[in-house]
Amino acid sequence: MGEKLRITLGAVSRPLESLKIKTGDWGAEYPVVIEENCKACGDCVVYCPDLCIELVETGEVDEKGRKKKVAKVNYDYCKGCGTCSVVCRHDAIKMEIKEIYKG
Amino acid sequence: MSENMRLFGSGHGACPGCGLPIAVKSVLEATGPCFVANSTGCLEIISSQYGKSAWGVPYIHSVFENAAAVAAGIEAALKALGRKDEGPVVVFAGDGATADIGIGCLSGMFDRGHDVLYVCLDNEAYQNTGNQQSGLTPPGSSTTTTPAGKVLPGKVKAKKDMPAIALAHKARYVATASVAFPRDITRKVKRALEFEGPKYIQIHSVCVTGWGIDGKQAIPVARLAVETALYPLIEFEDGQLVRVRKIKDRKPVEEYLKPQRRFRHLFKHPKGKEVIAELQRVADENAKKFGLDA
């Protein structure tokens, strides 16, 4: 393969610079994962428009010896749209209003 | 997903509940590293502002109408340089860029037979500039250019049949998909990439502001479009209908129309009943034509 062209002068956009934009303060609500209900099916991961949910290992092992996983929300980017709570088939995500918007 | 994060990242500027990022990440899940050409539109604005790019793959935006031509150029260049192994060429374009402004370039790309996957993100109007009607806006929809008023009940003409236009160009793979079924999008893109030549996938994508719904309703409303047969999920390979998403207990179109502000007037307007009956006729016709009823 030939040498890749790399532009360094002028207005250069670098990959994934959006990660420095913390959109977590947009919404009035935020999702809370109820870990005992979570079956780690990954639906919320697939649907999340802000790519801020992932399945993480809890450190526990189930009866079949598999590592238990649960959904974990990255609140730095979650805009609180509520899509995860709607698509969850196991009632494992509920939306709560942020403290500053209460009352 | 960490794999996703490397191709398209958090921190983009889409509205909460927007369907576009769901469609984009589901497509990239199937393509892996690829070359993206994007037309002007919501996706361009939310993902490619200078210094805030959400893309982890090579990305180019030129103007409104030419994403298909730009992609064709990239594909020809990769072929000439012997670099086709570096990934497929993918176009992301909105419904306006596809069905109205960019249809000439798209037709040319189909005609020349470029090995490009063209993804139309169909949110049924020019939503970036605030809901102006496009060729893919469904009848009855109230937009700023077809406002529901005393005389007209929103848009009058039918939704342009883009999949049929793609089929008429002998595109090798043509499919429709919906953000309500992201895993289905990924499967269809994987299948599309098995074909060499032009491929067209149209993804129904929710616009929370334009359609007048809450972020939480986005996926349920998108699902209703499929369950009422107003948005049939169909797949054509070399011109033959090969798979459809069957519908159990097809729902009346009112269930899809009611939650949305853009259709709200239909339930009060003197001509509203006619439009709803027309939409139901379209749904019935889709169900019959594609054999959707399970």
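The values are calculated or read from the model by the stated rules, or taken from the named source; none is laboratory data. All values derive from a computational prediction rather than experimental measurement. All Cβ positions, glycine included, derive from the backbone under ideal geometry; neighbour counts span all protein chains shown. Heavy atoms of the whole protein, side chains included, go into the accessibility calculation; ligands, DNA and RNA do not. Shrake-Rupley method; radii C 1.70, N 1.55, O 1.52, S 1.80 Å.
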If the requirement is being of a type in the set (G, A, S), open to solvent by 20 Å² or more (accessible area, probe 1.4 Å) and more than 18 Å from B:D284 (Cβ to Cβ), which of these qualifies: B:G239, B:G272? B:G239
Identify all residues within segment A:30-65 that are within 13 Å of chain B (Cβ to nearest Cβ), assigned to a strand (DSSP E or B) and touching a residue at least 40 places away in the same chain (Cβ under 8 Å); write none if there are none. A:Y30, A:P31
Scan segment B:217-231 residue by residue and report those that are open to solvent by 20 Å² or more (accessible area, probe 1.4 Å) and either part of a loop (DSSP other than H, G, I, E, B) or touching a strand residue (DSSP E or B) at 6+ places or on another chain (Cβ under 8 Å) (or both). B:R223, B:E227, B:L230
Testing B:V282 on (1) in contact with a strand residue (DSSP E or B) (Cβ under 7 Å, 6 or more places away or on another chain); (2) more than 14 Å from every other protein chain (Cβ to nearest Cβ), one condition comes back false. Which one is that? (1)
Just need a number here: residues in segment A:10-29 that are of a type in the set (S, T, N, Q) and more than 7 Å from every other protein chain (Cβ to nearest Cβ). 0
Per the list (1) under 23 Å from A:V12 (Cα atoms); (2) under 22 Å from the mean Cα position of the chain (by Cα), residue check on B:A77 breaks on (2)
Quick one: in segment A:45-103, of everything that is closer than 25 Å to B:R6 by Cβ and basic (K, R), which residue is surrounded by the fewest Cβ atoms within 10 Å (Cβ to Cβ)? A:K67
Could you please find all residues in segment B:277-294 being assigned to a loop (DSSP other than H, G, I, E, B) and either modelled with pLDDT under 95 or buried (at least 18 other Cβ atoms within 10 Å of the Cβ) (or both)? B:L292, B:A294
Given segment B:1-117, what strands (runs of 3 or more DSSP E) lie entirely inside it while holding 3 or more residues that are modelled with pLDDT of 95 or more and surrounded by 18 or more Cβ atoms within 10 Å (Cβ to Cβ)? B:35-38, B:89-94
